[in-house]
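The values are calculated or read from the model by the stated rules, or taken from the named source; none is laboratory data. Since we're looking at a predicted model, the values are computed, not measured. Here the Cβ positions follow ideal geometry from the backbone for every residue, glycine too, while neighbour counts run over all protein chains shown. For accessibility, only protein heavy atoms count, side chains too; no ligands or nucleic acids. Shrake-Rupley method; radii C 1.70, N 1.55, O 1.52, S 1.80 Å.
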Amino acid sequence: MKPQLIHVAEPQLEFRYGQKVEHPRDGLYLFGPVDAATAPRAVRYGVIGTPEALRRFKEWASRVSSYIDVPPPGRMSKDIEAHHVAFPGFSETFYASWSPSPARTITEIDEADLRRRMNIANRNEAVKAAVDAFVEHLVTAQNRDEFPPSFWYVVIPEFIYELGRPKATVPVGDRIAGQVSISEKKAARLAVQPTLFGEAEKEAEIYKYERNFRRQLKARLLNHQIVTQIVRETTLTPHEFPKANSTDPKRRVEDAATIAWKLGTGSYYKSGGKPWQLADVRPGVCYVGLVYKEQPKENDARWACCAAQMFLSDGDGVVFRGALGPWYQPDTKQYHLSREAARALIATVLEEYRRDHPDNPAELFIHAKSSFSDEEWAGFKEASDGTRTNLVGVQIADAWDWLKLFRPGSYPTVRGTAMLTAGNAGFLWTSGYVPRLDTYMGPDTPNPLHVAIRRGNADLQTVLKDVLSLTKINFNTCLFNDRSPVTIRFADAIGDILVAAPVAKEPRLPFKYYI
């Protein structure tokens, strides 16, 4: 077929009283969250950090209790100002009971001790030691409290952020000797050639923990089902961290209203609330995003961990950890499950769907960055046999260098523009000029996604509309949209968390535990 240019209408979101608008901030500002009841929802949260971190958090929590205006005009261009919306206050925005005083506080984190841990020369040992300080207190509080908080703010000092990343290094003069003497290379050899008594293997366990503070913390709390919102002190009170010989903040952060919208929406969601949902979605539709993370085993680079993210029209998500196996194909640089692993994964998804629904889904769309092999698809089909579920495999890939589309004027192509190149494939611009914002939020000419129906039968325009809709249910922020659908957007982040620490059992937890 000849390429055909169409426009997919901007999906609407549903809020309180069944009201529908395009922008999350409009809906919350005007109507409130979709799950608002007759009485305000109680948001019970805890805070863990140093005494100074708690002071800074309370200052921020008090500020978001009331109205926060947009930045004054003149500080930024009109295009950037266009997306700003004043924050009405937490209780007013989410029709919730919000207190500047946390339901539970843990202030036994000593900053000097935390800095000592982060300065340990062995980076695996350093990050694990720092995470230990938080995990031990959080697990103790969770087990001791009869009515623990719904989620915890983990407030970290800037040195944790800077040194708690995989490639971070400590200046030579600040390094502290740790207790681990075995090298990472020797630890890897022990996996193939273990010692007689296993003493060295115990020390080598440290290398099973990711050198990333955030990922490791999230991973280690999965078994304890503790939800967290990690936030830097410099985000809460940027004015307390000025540049040398200046009153300007050392770190450039977003304006106070935008931070309130983002952290507030994430907090409401993690407390158990539902800020909004997709409007006018077909009944019985379910979306699954495949997640892979390479986890080489015995020098075999093909080994990877597989997981699945399941999302419904209301935005609720569940993450399932799948099998570990040789899924990575170096020749094609794609991941493909075995027939048995594919069958088991989709069977688990269907089982979870039936827990809250009287029947199987009418439509199940599997989203992946890779295509689908014959064996893999056969396993998916076997899991859905007898369910009358229409199973569709959709490949969603970045098209950074494939195609550029320009239009006259100051702004790029409109978000929702699509170029159909075949009956089952096309390009979709999920970024671009947004009429509601009267601007384009990106720095460069936007790139499209390549969306292709690789298996099963579905209408391409329906699939494109679904993909565009799924860019609007990221509850960890309150943006107009993401570039990628939620089924793909968090795939790498979830994969990183799943392999960031040893897992005692296979988790099957809501999406909020991972973001």
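Can you order the peptides 92-100, 261-269, 33-41 by their average number of other Cβ atoms within 10 Å per residue, highest first? Don't jump to the answer; show the numbers that get you there.
Values: 92-100: 18.8, 261-269: 23.1, 33-41: 15.7.
Going from most to least packed, we get 261-269, 92-100, 33-41.
Of all the C-alpha pairs in the stretch 1-138, what % are more than 24 Å from each other?
On the way: 5456 of 9453 pairs.
Result for the distance tail: 58 percent.
Rg(Cα) of the chain divided by 2.2 N^0.38 Å? Write out the running numbers ahead of the final one.
Details: Rg = 23.9 Å, N = 515, 2.2 N^0.38 = 23.6 Å.
For the chain, the normalised Cα radius of gyration comes out at 1.01.
How much of the DSSP beta bridge set in the stretch 340-475 is antiparallel, as a percent to the nearest 5? Mind showing how you got there, number by number?
Numbers: 15 of 22 bridges.
So the antiparallel bridges in the stretch 340-475 amount to around 70 percent.
Could you give the accessible area per residue of the stretch 247-346, probe 1.4 Å, as a whole number in Å²?
Details: 4080 Å² over 100 residues.
The answer is 41 Å² per residue.
Suppose a student asked you for the relative contact order of the chain, using Cα pairs under 8 Å spaced at least 6 residues apart; what percent would you report? Present the calculation step by step, with values, prior to reporting the outcome.
Details: 1013 pairs, mean separation 94.9, N = 515.
Relative contact order for the chain comes out at 18 percent.
Which percent of the accessible heavy-atom area of the stretch 359-515 goes to carbon and sulfur, probe 1.4 angstrom? The partial results should precede the final answer.
Working: 2850 of 5990 Å².
Here carbon and sulfur together make up 48 percent of the probe-accessible area.
If the chain between GLU111 and GLU205 were fully stretched, how many nm would it gain, using 0.36 nm times the residue separation less the Cα-Cα distance?
Numbers: separation 94, 0.36 × 94 = 33.84 nm, distance 2.64 nm.
Here the segment from GLU111 to GLU205 would lengthen by 31.2 nm.
Can you give the local net charge around ALA177? Use residues other than it whose beta-carbon is closer than 14 angstrom to its beta-carbon, Lys and Arg +1, Asp and Glu -1. Mind showing how you got there, number by number?
On the way: positive: ARG116, ARG117, ARG123, ARG175; negative: GLU125, ASP174.
Local charge sum for ALA177: +2.
Read phi for every residue in the stretch 353-364 and hand back ³J(HN,Hα) as whole Hz from Karplus 6.51 cos²θ - 1.76 cosθ + 1.60, θ = phi - 60°, with x for Gly and Pro.
4, 6, 5, 10, 9, x, 8, 6, x, 6, 9, 10
Which of the aspartates and glutamates could be linked to LYS333 by a straight reach, that is with a Cα gap under 12 Å, when you skip same-chain ones fewer than 8 residues away?
GLU294
Per residue, how large is the accessible surface of the stretch 31-168? Use a 1.4 angstrom probe and give square angstrom. Numbers along the way, then the final one.
Details: 6230 Å² over 138 residues.
About 45 Å² of surface per residue is accessible.
For the stretch 451-463, just list the computed ³J(HN,Hα) in residue order, Karplus coefficients 6.51, -1.76 and 1.60, θ = phi - 60°, integers in Hz, with x standing in for Gly and Pro.
My calculation for the stretch 451-463 gives 10, 9, 7, 8, 9, x, 10, 6, 7, 4, 5, 5, 5 Hz in order.
Identify all lysines with a Cα-Cα distance to LYS274 below 24 Å; exclude those on the same chain that are fewer than 8 residues away in sequence.
Output for LYS274: LYS20, LYS218, LYS262, LYS465, LYS472, LYS512.
Tell me, what ³J(HN,Hα) does each residue in the stretch 472-485 have, in order and in whole Hz, if you take phi through Karplus 6.51 cos²θ - 1.76 cosθ + 1.60 with θ = phi - 60° and put x for Gly and Pro?
10, 10, 8, 7, 7, 9, 9, 8, 4, 6, 9, 7, 9, x
Quote the convex hull volume per residue of the stretch 270-390, based on C-alpha atoms, as a whole number of Å³. Mind dumping the intermediate values first?
Numbers: hull volume 14.6 nm³, N = 121.
So the per-residue hull volume is 120 Å³.
Between the alpha-carbon centers of the stretch 14-42 and the stretch 253-293, tell me the distance in whole angstrom.
Each part's Cα centre sits 13 Å from the other's.
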